[in-house]
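Peer 1: Before I ask anything, here is the structure I am working with.
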Amino acid sequence: QVQLVESGGGLARPGGSLRLSCRYSGSFFHIYHAGWYRQAPGKPRELVASIANGGETTYADFVQGRFIITRDNREKTLDLQMNNLKPEDTAVYYCNARLETPGYWGQGTQVTVNS
């Protein structure tokens, strides 16, 4: 049974940083395509960043140059370093691991950016 548990959300000021972490429970994490998504109130869930099982990364335009996604296949973790946070980054952030859509989802962690 695959489980994903996110941690690291919270409150940050504009320009600040937060680091999200997702711990994967189960086997074969290294073959999964993994990613971080977010959902703000009243908006659909959207992709923030993804990392393939080979390590290739993709980023949404709105976080390009500010966020970094990494994975540790040995520790079975997926991290998202978020820098230069903006109020519009406020959302619930979810991690996802999949071999095919939709894959597995964590419960989400709240990120709030305001002064």
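The values are calculated or read from the model by the stated rules, or taken from the named source; none is laboratory data. Model, not experiment: these values are computed from the prediction. Glycine gets a Cβ as well: all are built from the backbone with ideal geometry, and neighbour counts include every protein chain shown. The accessibility values were calculated without ligands, DNA or RNA, using every heavy atom of the protein model including side chains. Shrake-Rupley method; radii C 1.70, N 1.55, O 1.52, S 1.80 Å.
Peer 1: I'd like the Karplus ³J(HN,Hα) series for region 108-114: coefficients 6.51, -1.76, 1.60, θ = phi - 60°, whole numbers in Hz, and an x wherever there's a Gly or Pro.
Peer 2: Ordered by residue, 3J(HN,Hα) equals x, 9, 7, 10, 10, 10, 7 Hz.
Peer 1: Please give the length that would be gained between residue 27 and residue 81 if that part of the chain were fully extended, namely 0.36 nm times their separation in residues minus their C-alpha to C-alpha distance (nm, one decimal).
Peer 2: Full extension from residue 27 to residue 81 adds 17.0 nm.
Peer 1: Something else now. If you plug each phi of region 84-94 into the Karplus form 6.51 cos²θ - 1.76 cosθ + 1.60 with θ = phi - 60°, what whole-Hz ³J(HN,Hα) values come out, in order, with x for Gly and Pro?
Peer 2: Going residue by residue, I get 6, 5, 10, x, 6, 7, 4, 4, 8, 9, 10 Hz, with x marking Gly and Pro.
Peer 1: Whole-Hz ³J(HN,Hα) for each residue in region 21-35, computed from phi via Karplus 6.51 cos²θ - 1.76 cosθ + 1.60 with θ = phi - 60°, x for glycine and proline: what do you get?
Peer 2: Whole-Hz 3J(HN,Hα) from phi for region 21-35: 9, 10, 9, 9, 10, x, 9, 6, 4, 5, 9, 7, 7, 10, x.
Peer 1: If you don't mind, another one. For the modelled label position 7 Å from the Cα of residue 13 along Cα-to-Cβ, which residues of region 78-105 have backbone nitrogen atoms closer than 20 Å?
Peer 2: 82-91
Peer 1: In square angstrom, what is the accessible area per residue of region 1-70 with a 1.4 angstrom probe?
Peer 2: Counting only protein heavy atoms, the per-residue value for region 1-70 is 55 Å².
Peer 1: Next question. Given H placed on each backbone N at 1.01 Å, which residues far from residue 106 in sequence or on other chains put an amide H within less than 5 Å of it?
Peer 2: 95
Peer 1: With a 1.4 Å probe and every protein chain kept in, tell me what percent of the accessible surface of the chain is carbon plus sulfur.
Peer 2: Here carbon and sulfur together make up 49 percent of the probe-accessible area.
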